[in-house]
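The values are calculated or read from the model by the stated rules, or taken from the named source; none is laboratory data. Keep in mind it's a predicted model, so treat the numbers as computed, not measured. We place every Cβ from the backbone using ideal geometry, glycine too, and count neighbours over all the protein chains shown. These accessible areas exclude ligands, DNA and RNA; they are computed on the full protein's heavy atoms, side chains included. Shrake-Rupley method; radii C 1.70, N 1.55, O 1.52, S 1.80 Å.
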Amino acid sequence: PLPMGEVIARRALVIVARYEEISQPLPDVAFHRLGPWIAVPIWWQDEIIGTFGVAGNDPERQFGEREVDLLTNFAKHAAVAIENARLYAASHDLGIAEERNRLAREIHDTLAQSLLTGVNAAVLSCSM
């Protein structure tokens, strides 16, 4: 997997100088040309909901504490954005369900009123 797969397996950040350093590298040569790699988990309520990673194109480059902090902060912001999007979608779905229920109640009330009116008319015509 990519270093992002390693992040999920380890449940922690992963920094490698070369792609070959991960446990099961993919054979695609494009990945092997890049390095170093850094990837962090995107956490939400003690669950990994994604990963955030960057690869360099300079084998002499080294990722340090500054890059770890920066990428970790990006991941935190991404977690909030992902959760906000999920909540927005859920509220939208809830709004649709509420509207369907309102319409169902209106139809039910209209049918009940029509039936009641019909029954009342039948009773009145029978009693005359």
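Any idea how far apart N57 and L103 come out in nm if each label point goes 7 Å out from Cα toward Cβ? Reported label-point gap for N57 and L103 is 5.2 nm.
Near T72, once Lys and Arg are set to +1 and Asp and Glu to -1 for all other residues with Cβ below 12 Å from its Cβ, the sum equals -1. Taking only protein heavy atoms and a 1.4 Å probe, the accessible area of the range 45-96 is 54% carbon and sulfur. Take each peptide in 7-17, 55-65, 107-117, 74-84, count the other Cβ atoms within 10 Å of every residue, and average; sorted highest first, the result is 7-17, 74-84, 55-65, 107-117. The residues of the range 47-102 have, on average, 75 Å² of accessible surface per residue, using a 1.4 Å probe with all protein chains present.
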